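Q: One structure, as structure tokens, below. Some questions next.
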Amino acid sequence: MPKILRILIWLAVAVLGALALATIALHRGEQINAMWLVVAAVCTYAVGYRFYSKFIAAKVLTLDALRATPAERMENGRDFVPTNKWVVFGHHFAAIAGPGPLVGPVLAAQFGYLPGTLWILAGAVFGGCVQDFVILLFSVRRDGKSLTEMARDEIGRLGGLVAYIAVISIIVILLAVCALVVVNALKASSWGTFTIAMTIPIALLMGVYLRTLRPGKVLETSALGFVLVMLAIWGGQWVSQTPSVATWFTYSGQALAILIIIYGFAASALPVWLLLAPRDYLSTFVKLGTISLLALGIIALRPTLHMPLLTRFVDGSGPVFAGSVFPFAFITIACGAISGFHALISSGTTPKLIRRETEARMVGYGAMLAESLVAIMAMIAACVLQPGIYFAINSPAGIVGQAPEAASATITNWGFPISAAEMHALAQSVGEQTLYNRTGGAPAFAVGMAHIFSNSLGGQALMAIWYHFAIMFEALFILTVLDAGTRVGRFMIQDALGHVWKPLGRTSWYPSILATSGLIVAGWGYFLWQGVKDPLGGINSLWPLFGIANQLLATVALCVATTIVIKMGKARYAAVTMGPLLWLVAVTFTASWHKVFDPNPRIGFLSHAAQLAAGPAANARLIFNDRLDAVVTCALIVMVALILIESAVEWVRVLSGRKQPRVKESPFVPTRFAEEQV
Amino acid sequence: MKDSTSHVRIATLVSPVERLRSCAQIFFATLHEIFDESAYARFLEQKQLVSSRAAYAAFRQENEAAKARRPKCC
């Protein structure tokens, strides 16, 4: 293609993106079409990928097409396998796409669609994609080493230890939050609970089918499982309409929390092949299918966004969670913009599959762009709802009241009109008894998704089926994260305890399996219980804690990345990783300060504890929980401050010439794939 | 150094049907990789086995430990 034509095409993409962004940002008081968000996102991603990621690949990382990757050098047909770049892209995307990019934007929509959308776009292009890309490449150049190993090698022993503790902490908090989202989605919902309960026998059946009837035919088995799940959703309607059966599947939040804790323990301690592996496949199958379907639904329907550009809650008085737009929008949306957890995947399975260094750009940077687009779709799903409906679903009873009329009056007084009759009709249309106080983001996302699906595929008659399909999708998705995370946490604790007493490190020794499973489940189970008992819905305290932990892990990853960039002699380009690092430090430290010390009891843990203590019926347990959350937040911040200081000392030593810059890369070996076209 | 004319030549030689077929192949290869079917195929090839209950059980046993240690993102 002639150069001038290429320039004109990219100019057109940039202008279109700018126009879409201007439309999003400047249309005050008017509703806009959701396609503006999609166009802005696609153009921003295209420009970011074409120019910024190319600059990083060429100037900062100097990707070497002639250098053999560990997949080639250490090929063993098992972990290390040179794989087609598109296949690695899909594999990596399936691993990084979790419930976070769906739930975070839905919660952040309380500020209006603008802050979250801008953060998703800028955060991904300048932060999340950069982090995933550089960590992936650095791991590729170090034989597929993990983030904690790279932190220890490149920063120091303290860096490695802090990274390890940060990973364990984030896993515990993440699992608690995930479990809370499921509890809030399923409580008092016989239909939803029945559908999710049915996924257990369906997975067992899949396990037997896969093991005995059609060995290795996972795709076929997953398709079969999917058909059975759809039948379970259809059957759930009958369950919900048959009172004698419905009572078997109608549980309070506390009862569901206990069931999930038992499930988590069993998932960690029992062999995986029969139940968990098939569930994992089923979840992935549903996940990929649903995300594609949602994208098609949005394009087919091109819905209007009813949520305003900015709401009055940018001041921090929001009912979904308390805290002003800065810094709380930036920790609420993690996975769609920048997520530290991705650094674990980028330094886990993926670097062992990359066939050529040059492909790290498409996999690392590109897959995160796709994840960011999922977050934009979630934002659209939340914002197509009438704001009154959105706030009625997402506001806890502690803020708007328990009674439908009182809640509707409060929300209407905020300027978002809604009536109890409208909410009742909506609940009826999705087959639920009520949609008030369904905090956690999942029900609001499900209503938005059902709205998009039913208006583009099947009409209003299918609204209830689509709603429960969305709830099933989210719950299945989250429970898979829960059981996989519990097992990963268990292995990490076993690895650590193995240094203290060898038998504790043996992953096949049952006393150790039971003890370490109990330890990790007790960790997240405690926070889950705290969230379920919280009169403010739990999300108000736990989601920010999760966001802080996740972004602090990203801070650790960016510290590692900046240290390596400086040691590579590329200090002039260090801003590429140091920019997002400084932003995250500002965001997470500010958010942590507010969460611990803010005088507003809805924001600050300590002031909330003080308010409870001064009240007429002081609840010692709630006061203890607030103080525990404050201690956990402080501990996370202190750990990250330590790794920041250690990294900064290393940078100064290298830049002042007091230390010889030496990166610990594996030696250069020429690739046999050099002849292939890049 | 890339030869810009070779791109043009390749682009004109590859028909839309072939491109579509290639896309479909990559799509299914991705699914096979994500759902561990490729890993199972590699296992069979490496161990010189044909697919059977016993072979699949052996594959699962060998891969489960590694799979269980893989974190799933939030």
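Q: Identify the residue in the stretch A:302-336 that is part of a helix (DSSP H, G or I) and buried (at least 19 other Cβ atoms within 10 Å of the Cβ) and, among all such residues, is farthest from the other protein chains (Cβ to nearest Cβ). Reasoning before the result, please.
A: Filtering the stretch A:302-336 for residues part of a helix (DSSP H, G or I) gives A:312-315, A:325-332.
Still in the running and buried (at least 19 other Cβ atoms within 10 Å of the Cβ): A:313, A:325, A:327-332.
Working: A:PHE313: 24, A:VAL325: 22, A:PRO327: 19, A:PHE328: 18, A:ALA329: 18, A:PHE330: 16, A:ILE331: 13, A:THR332: 13 Å.
Per the criteria, the residue is A:PHE313.
Q: Would you please name the residue that is surrounded by the fewest Cβ atoms within 10 Å (Cβ to Cβ), looking only at residues in the stretch A:638-671 that are free of Cβ contacts under 8 Å to residues at least 60 places away in the same chain and in a helix (DSSP H, G or I)?
A: A:VAL638
Residue-by-condition table, conditions (1) free of Cβ contacts under 8 Å to residues at least 12 places away in the same chain; (2) out of contact with any helix residue (DSSP H, G or I) (no Cβ under 9 Å at 6 or more places or on another chain); (3) crowded, with 19+ Cβ neighbours inside 10 Å:
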residue: A:PRO2; (1), (2), (3): yes, yes, no
residue: A:ALA14; (1), (2), (3): no, no, no
residue: A:LEU21; (1), (2), (3): no, no, yes
residue: A:ALA46; (1), (2), (3): no, no, no
residue: A:VAL81; (1), (2), (3): no, no, yes
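Q: What is the one condition in (1) under 30 Å from A:ILE493 (Cβ atoms); (2) within 13 Å of chain B (Cβ to nearest Cβ); (3) not hydrophobic (A, V, I, L, M, F, W, C) that A:GLN254 does not satisfy?
A: It is condition (2) that A:GLN254 fails.
Q: Within the stretch A:131-182, which residues are modelled with pLDDT of 90 or more, within 17 Å of the chain's Cα centre (by Cα) and more than 30 Å from A:MET472 (Cβ to Cβ)?
A: A:GLN131
Q: Under 7 Å between Cβ atoms, which residue pairs at least 6 apart in sequence (or on different chains) link something in the stretch B:46-74 that is more than 13 Å from A:THR349 (Cα to Cα) and facing chain A (nearest Cβ under 7 Å) with a partner that is among the β-branched types (Val, Ile, Thr) and exposed (fewer than 14 other Cβ atoms within 10 Å of the Cβ)?
A: Taking only residues 6 or more apart or on different chains, the pairs are B:ARG53/A:THR212.
Q: Return the residues of the stretch A:426-469 that are assigned to a loop (DSSP other than H, G, I, E, B) and farther than 19 Å from A:ILE291 by Cα; say none if nothing qualifies.
A: A:VAL430, A:GLY431, A:GLU432, A:GLN433, A:THR434, A:LEU435, A:TYR436, A:ASN437, A:ARG438, A:THR439, A:GLY440, A:GLY459
Q: Check whether at least one residue in the stretch A:556-572 is in contact with a Lys or Arg (Cβ under 8 Å, 6 or more places away or on another chain) and β-branched (Val, Ile, Thr), and report yes or no.
A: No, there is no match, as no residue in the stretch A:556-572 is in contact with a Lys or Arg (Cβ under 8 Å, 6 or more places away or on another chain) and β-branched (Val, Ile, Thr).
Q: Which residue is farthest from the other protein chains (Cβ to nearest Cβ), if the candidates are limited to the stretch A:74-116 and must be under 25 Å from A:VAL182 (Cα atoms), of a type in the set (Gly, Ala, Ser) and part of a helix (DSSP H, G or I)?
A: A:ALA109
Q: Sticking with this one: Among the numbered criteria (1) touching a helix residue (DSSP H, G or I) at 6+ places or on another chain (Cβ under 9 Å); (2) at pLDDT 90 or above; (3) not small (Gly, Ala, Ser), which one does A:VAL227 miss?
A: Every condition holds for A:VAL227 apart from (1).
Q: When the residues of the stretch A:604-636 are narrowed to those that are closer than 18 Å to A:PHE546 by Cβ and β-branched (Val, Ile, Thr), which ends up surrounded by the fewest Cβ atoms within 10 Å (Cβ to Cβ)?
A: Restricting to residues being closer than 18 Å to A:PHE546 by Cβ and β-branched (Val, Ile, Thr), the top hit is A:VAL631.
Residue by residue, here is whether (1) within 13 Å of chain B (Cβ to nearest Cβ); (2) among the hydrophobic types (A, V, I, L, M, F, W, C); (3) within 30 Å of A:HIS306 (Cβ to Cβ) holds:
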{"residue": "A:GLY340", "(1), (2), (3)": "yes, no, no"}
{"residue": "A:SER346", "(1), (2), (3)": "yes, no, no"}
{"residue": "A:THR349", "(1), (2), (3)": "yes, no, no"}
{"residue": "A:GLU359", "(1), (2), (3)": "no, no, no"}
{"residue": "A:LEU369", "(1), (2), (3)": "no, yes, yes"}
{"residue": "A:MET379", "(1), (2), (3)": "no, yes, yes"}
{"residue": "A:ILE389", "(1), (2), (3)": "no, yes, yes"}
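Q: If you don't mind, there's one more thing I want to ask. With A:GLY156, A:GLY216 as the choices, which residue is within 13 Å of another protein chain (Cβ to nearest Cβ) and at positive phi?
A: A:GLY216
The values are calculated or read from the model by the stated rules, or taken from the named source; none is laboratory data. Keep in mind the model is a prediction, meaning the values are calculated, not measured. Every residue, glycine among them, receives a Cβ derived from its backbone with ideal geometry; neighbour counts consider all protein chains shown.
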